[in-house]
1. Assuming 0.36 nm per residue, please report the length gained on full extension of the stretch Lys106 to Glu32 beyond their Cα-Cα distance.
2. Quick one: ranking Leu269, Leu201 by accessible area, 1.4 Å probe, largest first, what do you get?
3. Find how much the distance from Lys203 to Lys179 grows on full extension, using 0.36 nm per residue of separation minus their present alpha carbon separation; answer in nm with one decimal.
4. Among 45-57, 113-125, 149-161, 184-196, what's the highest-first ranking by average C-beta atoms within 10 angstrom per residue?
5. Return one number: the angle in degrees, 0 to 90 and rounded to the nearest 10, between the long axis of the Cα atoms of helix 204-220 and the longest principal axis of the Cα atoms of the chain.
6. From the phi angles alone, apply the Karplus equation (6.51, -1.76, 1.60; θ = phi - 60°) to region 171-176 and give each ³J(HN,Hα) in whole Hz, x where the residue is Gly or Pro.
7. How large is the accessible surface per residue of region 68-212, computed with a 1.4 Å probe and reported in Å² as a whole number?
8. So what is the calculated 222 nm ellipticity per residue for the chain, using -39500 (n - 2.57) for each DSSP H run with n of 4 or more, over all residues, to the nearest 500 deg cm²/dmol?
Amino acid sequence: MKVAYYPGCAAKGATPELHQSTMKVVERIGLEVEELTAFNCCGAGVIGEADPDLAYTLNARTLAIAEGLHLDIMTVCGTCQGVLGGANHDLQSDNALRERINRRLKSTTGHSYNGTVTVKHLQWILVKDFGLDALKPFITHPLTDVSIAAFYGCYILRPDTSSQFDDWENPTSLEKLIKTIGAFPVEYDGRTKCCGFPVFLEKEDISVGLVEKRIGEAKACGSDAMVTPCPLCHMGLDFNQAKAEKLHQKREAGAQHKLQMPILHLPQLLGLAMGFSPEELGMKRHLVSTTPLIQKID
């Protein structure tokens, strides 16, 4: 199987450990990827609010490049999946929109998109295309006795028209992967809700409060770590834990509230179960230490 790899901005910028661990995992299982080195940002939903046609044009360019390679797109970012996948659905289902965007695309970049590409997150490729049975032989170091809370976040499941690989109300793909690597999937209410990252710059207290709530729920249910398919969720949950603890302390008149929840990218979790070292998976880049989790695995 061969796919066009769309790393997005974060995996090559703020969270390079995501790209690093993704390459380890796909090489190990023999998934052939051709990186789209000329890609542009999906817009993360922000550009579309200011200029919808510009957002469609940017995403149509990426889709057209993959189409020229006769390959479907693999994403590793839940936000990219939602935005690029949503744009793809609209361009495929609305001929008038596609024709309008193609005129703009042709005049600016020379590309044209015919609507033949599918956009799939690595998470879904592993579950639906590669298959869990095919994945099992690569799990040489199963993470038994480890409890993992899946955190889907918002974008990988929404809009539901572009996310038809899982049930957006009650998804199961992450839990299936957690079981496949031998770990125990933790059930909790906030797994499909917002991590708070999108509102951090405008409403920091609300954003940090959401971080506290999501991690607090997972911790109360016995999770040793959380895993997410979205680097923006990873940044929100990992970067802002210290602020979430301070917010709790301020609200509860000085009461201490230690979260200390390791937040893993999906390929890092898979990589550990395949026998890669934490160093090979870039786990020293995390702000919240992953050492307690690694010690429990060892």
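1. Numbers: separation 74, 0.36 × 74 = 26.64 nm, distance 2.97 nm.
My answer for the length gained is 23.7 nm.
2. Values: Leu269 5, Leu201 165 Å².
So the residues, ranked largest to smallest area, are Leu201, Leu269.
3. Working: separation 24, 0.36 × 24 = 8.64 nm, distance 3.64 nm.
Length gained between Lys203 and Lys179: 5.0 nm.
4. Values: 45-57: 16.2, 113-125: 20.9, 149-161: 22.8, 184-196: 18.7.
Answer by packing, highest mean first, reads 149-161, 113-125, 184-196, 45-57.
5. The angle comes out at about 60 degrees.
6. x, 9, 4, 5, 4, 5
7. Each residue of region 68-212 exposes 46 Å² on average to a 1.4 Å probe.
8. Numbers: 12 runs with 131 residues, N = 298.
Helices in the chain give a 222 nm mean residue ellipticity of -13500 deg cm²/dmol.
The values are calculated or read from the model by the stated rules, or taken from the named source; none is laboratory data. Not measured: the values here are computed from a predicted model. Because the Cβ atoms are built from the backbone with ideal geometry, glycine has one as well, and the counts that use them run over all protein chains shown. Quick note on the areas: whole protein, heavy atoms, side chains included, nothing else; ligands and nucleic acids left out. Shrake-Rupley method; radii C 1.70, N 1.55, O 1.52, S 1.80 Å.
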